Each structure stands twice: as structure tokens, then as C-alpha cells.
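This report concerns only the one structure given below.
The values are calculated or read from the model by the stated rules, or taken from the named source; none is laboratory data. All values derive from a computational prediction rather than experimental measurement. Counting neighbours? That spans all protein chains shown, and the Cβs are built from the backbone with ideal geometry, glycine included. These accessible areas exclude ligands, DNA and RNA; they are computed on the full protein's heavy atoms, side chains included. Shrake-Rupley method; radii C 1.70, N 1.55, O 1.52, S 1.80 Å.
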Amino acid sequence: TPGFGANLPESSVLLGPGSTGFVPNNTDGVVGVAFANPAQYFDVLLHRSGTTTVDMNVTIDKLAIDNNGARFTLPRGFTFNSLIGLEQFRGNSVIDGTLNAGVVALFGGRMIGSGTVATDAFFNVGGQLLPGGQNRTGSFTIDGDYVQVGTGTLIVDIGAILGVQTQDLLTVTGDAILGGNLVV
């Protein structure tokens, strides 16, 4: 239904602000059924300010984030599957859980967290990747290939807390092409 979810509270990934493009393919479309019997959706676009938080394991076809005030949050303990992949043009994504995505393209915005992105290829061509988060050390895993080019930026924290050396860690299980920018 066009506009479905426009006035709903910030909570579920299926009902977040700016969430559009919902086309149920395994439910009768009755509001509330998706929570009792999760459905798959095509081309979910987060294009309004606000936070969309994953609060159940879910599978969709494609996710796009395209608003400076949009925030996609995947907490630890949850899995988000995007069969085609994720495109982020603006906004912030916090990945502390597991994101399974065909291809990830970070054209802009920030991706932070201490989670895992399992992908065929992760392209950072104009965004910022911050393992752990800003001024917070952590380990971020890309289970697949990582390509950073253009104005893509990797931002890492290195320091000592109470005399103990800490640093961010980016683990890439596939091939890594490291162009773009590095900020320490």
C-alpha cells in the first residue's frame, strides 16, 4: 500500500521512517500479518530522517539508504538478509549483527559497528567505514572481497585506555583493494 508505515513509530525494520517499496510476496497484505508470519519485500528504500532498527531476523530483496538523517541499525544477535544487496548513498548504518548481502555499495554516508557483512563484494567508493565506531574501537568483518576506491574512506581509532593499547580491526576474508583514503 503506498504510504504504508509513513506515520508509524520508529521501531521495526518493516515499519521504519521512509520505508517504502513494500511488496509482500508471501502474506495476504493484512497489516500485522507480517509480524506473525514474516514476509519478503522488494526494494526497501529508507529515504526519510529517523532510525530503522532491525528487531527480528528478516530477508528482503534489496535495501537502499538515501537521506542524511536516515539511520539503519542492525543490533548484535540479529541477521538481516538482502538477497540483491545494499546501496547506501547518504545517512548512517550501524552493523553490530550479521548482514548477508549479495553486493554492498557504499556511495556515501557512514557504516559503523562491530558486526559482520557477508557479501560477494563490498565496494566503498564514496562513503566512510568505521570499525567499532567513532572514538570507539572494535572489530568489523567483511566476509568477502573489499574494494575501496575514489573518495571511499576507512577511519580507524588507535590509542591506549588505562595503559592498554587498543585499535580498530577490519578483517577481510577475500581480496582487498585499498585505494581511497585512510584516516587514523
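Just a few scattered comments:
- One residue stands out in the stretch 153-184 among those that are touching a residue at least 24 places away in the same chain (Cβ under 8 Å), part of a loop (DSSP other than H, G, I, E, B) and over 15 Å from R136 (Cβ atoms): the one that is most open to solvent (accessible area, probe 1.4 Å), namely D175.
- Residue that is nearest to S114 (Cα to Cα) [pool: residues in the stretch 52-74 that are in contact (Cβ under 8 Å) with a residue 40 or more places away in the chain and among the hydroxyl-bearing types (S, T, Y)]: T53
- Scanning the stretch 96-110 for residues that are touching a Gly at 6+ places or on another chain (Cβ under 8 Å) and within 19 Å of G174 (Cα to Cα) returns T98, L99, A101, G102, V103, V104, A105, L106.
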